[in-house]
Structure formats: structure tokens, C-alpha cells
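A short write-up of the structure that comes next.
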Amino acid sequence: MNRSELFNMAQVEQERQAKLRFRILSCASTPCLSAGSQDVFNALQTAVTEHGLNAEVDVVASGCNGLCSHGPVVRIQTGDAPDDIYEFVTPEIARQIVARYADENGADVSEHLIPADAPFFAKQQRIVLGNSGRIDQEDIEGYIARGGYTALAHVLREMAPEQVCDAINQSGLRGRGGAGYPTGLKWQLVRKAPSNKKYVVVNCDEGDPGAYMDRTILESDPHRLLEGMAIAGYAVGADQGYIFVRGGYPGAEKRLNQLERVIRMAEKHGLLGGRVMDSNFSFRIDIRLGAGAFVCGEETALMLSIMGKRAQPVPRPPYPAQRGLWGAPTLLNNVETFANIVPIILNGADWYANIGTEKSKGTKVFALAGKVVNGGLIEVPMGMTLREIIYDIGGGIRDGHEFKAAQTGGPSGGCIPAQHLDSPVDYESMKALGSIMGSGGLIVLDDTSCMVDVARFFMEFCVDESCGKCVPCRVGTMQMLRQLEKICNGSATMQDLEILEELCEMVRETSLCGLGQSAPNPVLSTLRHFRDEYEAHILERRCPAGVCKMDQVPVMELAEELPRRMRSASGQKEVA
Amino acid sequence: MLVTKQQSDYAPPATEDPRMDEVARAVKRFGYQQDALIEVLHIAQRAFGYLDETLLTYIARQMKLPLGWVYGVASFYHFFSFEPPAEHNCVVCTGTACYVEGAQKILDLLEKEFGVKPGQVSADGRLSVTDFRCPGSCGQAPILVIDGELLGRETPESTIARIKQLLANDKQAKEVAP
Amino acid sequence: MSVITLTLNGEMISGLTGQTLLEVIREHGVELPTLCHLEGISERGGCRLCMVEVNGRMTAACVTKANEGMHVNTHTEKLQNYRRMILELLFAERNHVCAVCVMNGHCELQSVAAAQGMDSVRYDYLSPELPMDASHKRFVLDHNRCILCTRCLRVCDEVEGAHTWELKGRGIHSMVITDLNGPWGESPSCTSCGKCVQVCPTGALYDQGSTVAEMEKKHDFLPWILGGRGKKEWNW
Ligand SMILES: Cc1cc2nc3c(=O)[nH]c(=O)nc-3n(C[C@H](O)[C@H](O)[C@H](O)COP(=O)(O)O)c2cc1C
Ligand code: SF4
Ligand code: SF4
Ligand code: FES
């Protein structure tokens, strides 16, 4: 397909959609599926057929609309009017919705309609998620009708590879995988690396338990990722891309087949593969599947996993940009990073650089979950305060409880307490508070959570996920977990807390890779902001939140108590 | 006196099993490339449900990899299993959001009712319980996956009810079809 | 190869490009403790005992290339402290009962600990229940004393070329295995060359029939073989 064919296809599809009476987009992403959206989808289809509207109405399985905790969600597009979005849809309500739009006098479904000015949507700025929920999950036509692949066409015809790197650099985009390395710089490094074989890799491992942004982008708007990858391939001089997807979770297989079909479809249309859009640029994309290891998110481990090996990180340097896959320079970025490329090319670097804060540009997608009213996937400009995110978009804390902390960055991050609710969300501020931006998990905790137990939870995760290569992480995390368990069951002394703190520093500084280096973060940040809870556990043998069982006593006390117990035990024997 | 296995003991088994054919085709499709080991293991586990010694040996020989290499890779990733799966499997998400919403209570009750801890199979081999971190449906926490079906907003009681139902259905089916 | 200059504990020293920091440091007579490193096989960087401070940041000397102008400190108080902590972690990880070990007195773990002044373990002993494998007719594997340095894996793969040894599992549950996790004595790939036994720093691998404090190991064959092979010193 060349440029004019692309525009032609966009026009045909736009016209087709304009002729429809309305389009029904039923969310088919994982959270809505777990709420039963498959039945809703079937009901919608049957209802449309019953009303004899098959020719005038589209029913499509769309990607995520964001309001995952209120699923299943159904979106209705009617001509130029803003879309109507319905929450908590059941098959019965689905039938009523169709009846309503088929005939003005149909059933009243306004109870499930989300008001157009609901802060959940109004406060967001959807760039990365711009298409998510608005297009079919798979079909290429819908994406192209919304301007898809024009950025690639533009880059191939109008821009030299250096110019693309420069544009990304100018936009101020920073890596969304957690560390926030400037993306433009990374691209330039790979472009300048001398080699005639280079690779582009997308990190979609997303092991942070409680985050699902990357997978949702992949599910809801896969072509945007492919387009971003192709642009990256052109900019750095690579002709092969890999999408490293997390595997081994329920439903992974279905998603994978879907992604495979999407890639084949783009190839069929000449938008990927050999001689992309009749240019001299070729770019192939393959999928590589993980098999359940958090450490695969670490870049060197990820590349080993792509090469079919045990994913044990290797020391850097050499960085992937110098020596990556099969020894070739490799560009490795997060899914969300790649999803930002197309808007930057289309709207210009300056437009992008105007969004966000001084040092953190653009928007960030968060998976907002936990004790908030509106949990889901949100996208906000960098620099928005936690308070706005949690109280305006998230609708505040559920069931009348008190906010206690926001956990960001998953097992590599930390907890931010109420007194810092007004600090802006960007790379630097989060770091200053002892957490990290992370890839975007944001879990809200209320007063029913015990912060020591939260730290224990994450340490348990790190013990499970440590690859075992280096001693500080392999054994150090286990020892930290032991100390935390002691604090949680009431058998710790202040000396154990000292040992714990000392271990935190050592593991942070001496571990080989990011997993070990950041494993102490949840402990360090809870110690920093909630030290009183640790002390209550140890000194008063009391869990303030009432979570920990506290059913043990310190060994020291046991040593004093033991002779007494033995005496009474033998005393019983005498009586008997 | 120890019996030492000969190299020939590890020769590929006769591929009469259609599932083995599937694995053979996959190895071939990837051009016998060693990098494709994880892909091949995925396909093998999908076909057989688990990875046994014969299968691993076959894969190793076909891909010209050391035996230990194949075992090392398979055991590194938690998705691969060396044990046959139980009849029914209940996966409880223990990701952060589900932890916050009380996944532990579900696990506790499962242990109390059926005597299985995460990673274990019940004594009669019919139910296995696994914990798993986050299929990414946090908005609907706590999440369960029972026999591949994703379920949101579960309580300990609803979980137990579902599993009892499943186990009872089997019994009925067996009684009907002798 | 060109000469580079760097600062080692405040003194200017020189090295060659391509050398690791560990090589340069040892050439200049500064002793750094190591366990996973072994001359003649590839580096792993897993034990983290050779950590040094380079321009204020910590890094493992065995896997860091020496560079012009580096400021290296090897024995700050913090580093010494961390080294002792790492050793304590190793002793607490498995069941190291030196008094009844075949390697007592010749063990590298033991001697490194003594040299670093690690005399007590403040952490909880994890005391895992681990098996022994005595199925091989000449050697024994005792997981209780393995520190997962993977020297045995590397020597078996890189020098002997058998790739009998592997790691199974991950994290704290990692273990060394032979082939498909079967008994060592039944391994179809093991050539019984015994190199793994000789390079093992602890009493995890030893000769059948040796008793307490009897086992001594030699791995000076490694530089010899590899020097000869790598530099093509032997022509025939
Ligand atoms: C233990 C560990 C886990 C990681 N997990 C992820 C992940 O799931 N997704 C991701 O994009 N990056 C992850 N990263 C960060 C990557 O290593 C890498 O920095 C990132 O993908 C680079 O892309 P970016 O520049 O676009 O951020 C992880 C890092 C570590 C150390
Ligand atoms: S820090 Fe942990 S995950 Fe990283 S190499 Fe060390 S043991 Fe492996
Ligand atoms: S058996 Fe010995 S050489 Fe092998 S990993 Fe264990 S301690 Fe190291
Ligand atoms: S010798 Fe350097 S990490 Fe072990």
C-alpha cells in the first residue's frame, strides 16, 4: 500500500462509518471480560439482529475505555455527538440500550449512562489512549480511518533518520518503563552504533503486579505500537523488531493470536515487512513470549529470554544500545514509550514538549486500583497532583474510609503518605519521596492496610522473583522477608529492625541488577513515612491496622518464659 | 552397581503420538534454532499439559541443546510445569490490588475447605490451587481463574461455592455415563 | 593494547585496556576477596565480594573493565562491612557445618570469611532441607554446602565441553543439577573428568570416600589448559 492508497482507505472507512445510524463498541479487554462482557457482546449482537439493524449498526469488540471497576462498559458512537458511555452493563441492559437507540421511545437506560462531564473523563488527557475504546481491537480500517499509519508515511517520505531522532529528543519524551531515560538520546545512541544489523525491542513484560497499562495498549490499539516500532526501526536503522510479551497468564494465548493476526494484517497491506509503503525501508516484527518471570522486564534478562535462555541479568555496560540481541545494537523501549511516538510525529515535538512539567513531558498512563471508587486505566498530564488523581478522577476512597498511602512503582517503588498528596506526579518528585514513577501501577491504600504487611507483601514478591544470580538479592531479600515476618507476627525486637535497615542499604548498593537494587524500596519508603507502625508492632506488640496476627513472642522473651513453661508442664505430670 | 544410561536411551521416541508431531513441527518451523526454546516449550506444554522427561529429552535432542540447558530454562520460568495438571485448577491472583482486596482470605478458606495450599494438589488429585500475580484486571479485584475462566469480584464464600459446584458436576456426569 | 592510568586507593597506577578492574587491582598487590571468579573461566559477577567503589559508585571489579581516569577504592569501611554481610548471608543460606566437612581447613568460603574477619552470623539460619547425591561412582554432591557460584557449570561447559551441570529453578530455590535433574551417576553427558570437583570452592563437590578435612582441591590446571589452547601454544 502506498501513501495515496492509505488515504483512500481512510476515506472509504470514514464514509462507511458516517452512513451508519450508530456504532456500538463493547469493551472486550480483560477487566471487562472478567465482569462478563462476553455475554454483553453477544446480547448486543442478538438485539441488533432482532431489531433488523445489521446493515445500519456496527457492533464491535473494542479496547479499554478506562473505567474498569465499573465494567462491563459499552460505548455508543452516534455521528458527531460526543459518545455515550454506559457502565455496569448486563445482557438485559445491553438489550435495552439497543432498543433505546433504535427507537427514541425505547427503555430508559440513563441510569447506566455516565454523564458527559464526569470528572473521571473530563480531567484526563488521553493521548496514548486516544484510540483505546474507540476502535475495533483488531481491524486495521478503523485505525487507518483515525489517521493511522500517516505518521509512518510522513517519516518515510519527508524525514531523514537523524531528523526523527532529533524530533523525539526535542519532544522531551522519557522512557515509560520506569527509569525515565531520555528516549531521543537512546535512539541516537543506537543509530550511531556501528553495525549493519540492529534490532528494535518492545518491553511488554509488565511484571508489576497491579499494573496493566502496557498490555491494554497492546490489546486496544495494537497498530499504534507497530507504527511506532516501524518509525523507530527507520530512525535507528533496524530491520527487525521483537515484541516481548508476558506469557503464561490466563488468556495470554488468545491475546497472542490476536496480536499475531494484527501483525500479519499490517504486513498484508504493505505497512510492515519488505519495502514498507513502497519505500526502501523494510521492517519485520515478531512476537516473543515470556513465561512468567518478573526479572524478564530487566533489559539484559529480557534479551536473554528472547534468545531462549534463563533470564539471569548480566552486568552493564555493555548496554543494549552497544551490544544487545545476538551482539547487535538494540533499541529497547517500553510499550507506552513507543505509543507516544505517533502523536509526537503527527503533532510536532513542540506540541508534546508543552504538555507536562519542566523535566517530565507528556502524559502518563496509570493503572489506578485499590480502595478508590473509580478504579481503572487513566491518562493524565505529568505534574498532576496525587490528590487530583485519587480524589477527582478516582472519586476518593471507597466505603467512607481514610486515605493512607498511594503505592507507586510496584515492588520497585514505594508508598506515598497523605501529607504528600499535593506533590506533583513526575519522575523527580516521586523519587524525592522515596518512591518511583515506575511503569504506572498506582494502588491506593486506606486505613485498613498495615504498612508493614504491605512491605512484607512486596518482599515476598521479590524473593519469589529474584533470579538467584547474586548473593545480596538471592539471600538478602529472603533475610529481609524473615525480619519483616517477625515484625508482623510479633516476635521481632528493635535489633531485628536494625538488621533490616542495614540489609536494605547493602542489598540496594551491591545487587547486580535493578530488581535487587530496588527490592528494599518498599521497606525503605514505609520506614520513612510510617516508622511509627513498625515501632508499634515491635515495642507495643500491636498492629495499628489490625491486619497482622501478632501471635508469637520474641525469642528472647521465649527464653525467659521457657523454663517457666517447662516447670508447669512437669508439674502437671506430677499431678497426673 | 549403577546402571549408566547410554546415549541411545535418550534417542527421540517414536512419534506416533500426534501431540509429539505438533512439537516436532514447531521445532522445524523455528528452523531448529536454539533461540526458539521457550517458544517450543510453550507449544509442548500446550500440547501435553506438562513437560515430562521424554518430552524434554526429545526437544533437547532435536534442538541440539544440552539436556541440562533445557531443564534449566524450563524450571526458571514459573509457567512451565513438570507435573500433570489436576482435573480442576483454581488460580487466585495475589497481585497488589487483589492483595489489598483480600485475596489472602480466599486462599485461607480454600486451605481450610479443601486442604490445599497454593502450589498444591488435593489428595484425590482433583483440585489444584495456584497463586499467580496479576492477570491485569485490577479494577475487578479480587480475581480468580477457575479452569481458564476469568472471574472478578469474588468473595471467599463464592469461590468455595463455585468449586464445590464444579466437583459435584463431575460426579453427576460420571453417574450418568457409567 | 594501550596503557591507561587510574587511581587505586589514592595511588596512581597503570593498567592495560581490556583488563578487568580485578586483574589490575590484583596485579598491584591489593587483595580482593572473590568466590565466583576463577581464572580460566568466564566471569559471573554473582558473589559480589569483589565490589569496589569506582568514582563513588559500587561495582563488581571482576566484571568491570578498567578505564582511563577511574578512581577506585577497594577497602572503605562500608565495603568491608558489606563483604562481611554477604559472607554472613552465604553462611546463613544453607547448612555449612564446617566441623564435619570434608573441606574443613581447605575451603575457600571458610578462608575468605576468616580473612574478612567474619566471625559470627547475625541472620537467621534458613536451614533448608537439602539432599545429597552420592550416585556417582567417584564423586559426591552435597547441596548443603553449595554457594551457587556456578564454577562447576562454567568449567564443565567451557573447558570440558560436556555441559552436564545446570541451574534449576530460580532465586533462593536455585540448585545445581546434572542433565534433566536426574542422579549424577546416571548422567549421560558426564565424562567423570572431575574438573567440577576441583574448581568447587566449598565442600559441595568432593571425592567419594574422603572424610572430614581430607579433601583438597587444585585448579591450577585451568590457566595452563586455557593458556595453551587460547594462545595456540601447542602445535602438533
Ligand atoms: C526488575 C525490573 C523489571 C522491569 N520491568 C519492566 C517492565 O515490566 N516493563 C518495562 O517496560 N520496563 C521494565 N523495566 C525497565 C527496563 O529494564 C527498561 O529500563 C525499560 O524497558 C526501557 O524502556 P524505556 O526507556 O522506554 O523506559 C524493568 C526493570 C527492572 C530492573
Ligand atoms: S539483583 Fe536479583 S534478579 Fe538481579 S541479578 Fe541479582 S539475584 Fe538476579
Ligand atoms: S557445587 Fe560447588 S562449584 Fe558448583 S555451584 Fe555449588 S559451590 Fe559452586
Ligand atoms: S568475584 Fe566478582 S562477583 Fe564474585
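The values are calculated or read from the model by the stated rules, or taken from the named source; none is laboratory data. Small disclaimer: the values here were computed from a predicted structure and weren't measured. Note that we place each Cβ from the backbone using ideal geometry, even for glycine, and neighbour counts take in every protein chain shown. To get the accessible areas, we keep the full protein, side chains included, count just its heavy atoms, and leave off ligands, DNA and RNA. Shrake-Rupley method; radii C 1.70, N 1.55, O 1.52, S 1.80 Å.
Side notes on the structure shown:
- Subset of segment C:106-123 (residues that are over 20 Å from C:GLU31 (Cα atoms) and open to solvent by 40 Å² or more (accessible area, probe 1.4 Å)): C:SER120, C:ARG122
Yes/no per residue for (1) over 28 Å from the mean Cα position of the chain (by Cα); (2) modelled with pLDDT of 95 or more; (3) away from ligand 4 (no atom under 16 Å from the Cβ); (4) not assigned by TED's automatic domain parsing to the domain that holds A:GLN407:
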site: A:ARG456; (1), (2), (3), (4): no, yes, yes, yes
site: A:MET459; (1), (2), (3), (4): no, yes, yes, yes
site: A:CYS473; (1), (2), (3), (4): no, yes, no, yes
site: A:GLN483; (1), (2), (3), (4): yes, yes, yes, yes
site: A:ASN489; (1), (2), (3), (4): yes, no, yes, yes
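- Matching residues in segment C:39-54 - criterion: being away from ligand 2 (no atom under 16 Å from the Cβ) and at pLDDT 95 or above: C:VAL52, C:GLU53, C:VAL54
- Filter pass, A:GLY52 being among the small types (Gly, Ala, Ser) and within 30 Å of A:ALA252 (Cα to Cα): no
- Enumeration of residues in segment B:90-102 that are within 22 Å of A:GLY440 (Cα to Cα) and either touching an Asp or Glu at 6+ places or on another chain (Cβ under 9 Å) or part of a helix (DSSP H, G or I) (or both): B:CYS93, B:THR94, B:GLY95, B:THR96, B:ALA97, B:CYS98, B:TYR99, B:VAL100
- Unique match (being more than 16 Å from ligand 3 (Cβ to nearest atom) and outside the structural domain of A:CYS548 (by TED's automatic domain parsing)) among A:SER435, A:SER466: A:SER435
- Test: residue in segment C:25-34 that is hydroxyl-bearing (Ser, Thr, Tyr), at pLDDT 95 or above, away from ligand 1 (no atom under 16 Å from the Cβ) and part of a loop (DSSP other than H, G, I, E, B): yes
Residue-wise test of (1) more than 9 Å from chain C (Cβ to nearest Cβ); (2) within 22 Å of A:SER449 (Cα to Cα); (3) within 16 Å of ligand 3 (Cβ to nearest atom).
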{"position": "A:LYS486", "(1), (2), (3)": "no, yes, no"}
{"position": "A:GLN495", "(1), (2), (3)": "no, no, no"}
{"position": "A:GLU498", "(1), (2), (3)": "yes, no, no"}
{"position": "A:GLU502", "(1), (2), (3)": "no, no, no"}
{"position": "A:GLU505", "(1), (2), (3)": "no, no, no"}
{"position": "A:ARG508", "(1), (2), (3)": "yes, no, no"}
{"position": "A:GLY516", "(1), (2), (3)": "yes, no, no"}
{"position": "A:PRO522", "(1), (2), (3)": "yes, yes, no"}
{"position": "A:SER525", "(1), (2), (3)": "yes, yes, no"}
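- When residues of segment A:192-247 are limited to those that are in contact with a strand residue (DSSP E or B) (Cβ under 8 Å, 6 or more places away or on another chain) and hydroxyl-bearing (Ser, Thr, Tyr), the one nearest to ligand 1 (Cβ to nearest atom): A:TYR212
- Any hit, segment B:121-136, residues being farther than 30 Å from C:HIS163 by Cα and acidic (Asp, Glu): yes
- Complete set of residues in segment C:11-46 that are within 7 Å of ligand 4 (Cβ to nearest atom) and open to solvent by less than 10 Å² (accessible area, probe 1.4 Å): C:LEU22, C:LEU35, C:CYS36, C:GLY45, C:GLY46
- Restricting attention to segment C:132-163, the residues being touching a Leu at 6+ places or on another chain (Cβ under 9 Å) and more than 23 Å from C:THR34 (Cβ to Cβ) number 9.
- Residues within segment A:290-303 that are within 10 Å of chain B (Cβ to nearest Cβ) and surrounded by fewer than 24 Cβ atoms within 10 Å (Cβ to Cβ), tallied: 2
- The sole residue among A:GLY400, A:GLY376, A:GLY409 that is under 30 Å from A:GLU87 (Cβ atoms), away from ligand 1 (no atom under 16 Å from the Cβ), modelled with pLDDT under 95 and crowded, with 24+ Cβ neighbours inside 10 Å is A:GLY376.
- Counting only strands (runs of 3 or more DSSP E) that sit completely within segment C:72-184, zero hold 3 or more residues that are among the basic types (Lys, Arg) and within 14 Å of chain B (Cβ to nearest Cβ).
- Of all the criteria given as (1) within 16 Å of ligand 4 (Cβ to nearest atom); (2) at pLDDT 95 or above; (3) more than 9 Å from chain B (Cβ to nearest Cβ), the one not satisfied by C:HIS219 is (2).
- Total residues in segment A:173-218, condition within 14 Å of chain B (Cβ to nearest Cβ) and either of a type in the set (Val, Ile, Thr) or part of a loop (DSSP other than H, G, I, E, B) (or both): 11
- Across segment A:482-519, the number of residues qualifying as more than 8 Å from ligand 2 (Cβ to nearest atom) and open to solvent by 10 Å² or more (accessible area, probe 1.4 Å) comes to 18.
- Considering residues of segment C:176-207 that are open to solvent by 10 Å² or more (accessible area, probe 1.4 Å) and in contact with a His (Cβ under 6 Å, 6 or more places away or on another chain) only, the residue nearest to C:VAL97 (Cα to Cα): C:GLN198
- Scanning segment B:116-163 for residues that are in contact (Cβ under 8 Å) with a residue 40 or more places away in the chain, within 11 Å of another protein chain (Cβ to nearest Cβ) and of a type in the set (Asp, Glu) turns up B:ASP131, B:ASP147, B:GLU154.
- Residue count for segment A:530-558, restricted to those that are surrounded by fewer than 21 Cβ atoms within 10 Å (Cβ to Cβ) and touching a strand residue (DSSP E or B) at 6+ places or on another chain (Cβ under 9 Å): 1.
- Residues (within 16 Å of ligand 4 (Cβ to nearest atom) and charged (D, E, K, R)) located in segment C:150-178: C:ARG151, C:ARG154
- The single condition among (1) more than 12 Å from ligand 2 (Cβ to nearest atom); (2) buried (at least 21 other Cβ atoms within 10 Å of the Cβ) that A:ARG310 does not meet is (1).
- Residue within segment C:77-86 that is without any contact (Cβ under 8 Å) to a residue 60 or more places away in the chain, more than 16 Å from ligand 2 (Cβ to nearest atom) and farther than 26 Å from A:ILE499 by Cβ present: no
- Of the residues A:ILE243, A:ILE217, the single one that is free of Cβ contacts under 8 Å to residues at least 60 places away in the same chain and open to solvent by less than 10 Å² (accessible area, probe 1.4 Å) is A:ILE243.
- A:PHE281 assigned to a loop (DSSP other than H, G, I, E, B) and open to solvent by less than 30 Å² (accessible area, probe 1.4 Å): yes
- Condition check for A:SER511: touching a helix residue (DSSP H, G or I) at 6+ places or on another chain (Cβ under 8 Å), of a type in the set (S, T, N, Q) and within 30 Å of C:ARG44 (Cβ to Cβ): yes
- Pairs, first in contact (Cβ under 8 Å) with a residue 60 or more places away in the chain in segment C:147-159, second in a helix (DSSP H, G or I) and within 9 Å of ligand 3 (Cβ to nearest atom), C-beta under 7 Å, six or more apart: C:ILE147/C:LEU109; C:ARG151/C:VAL199; C:VAL155/C:CYS196; C:VAL155/C:VAL199
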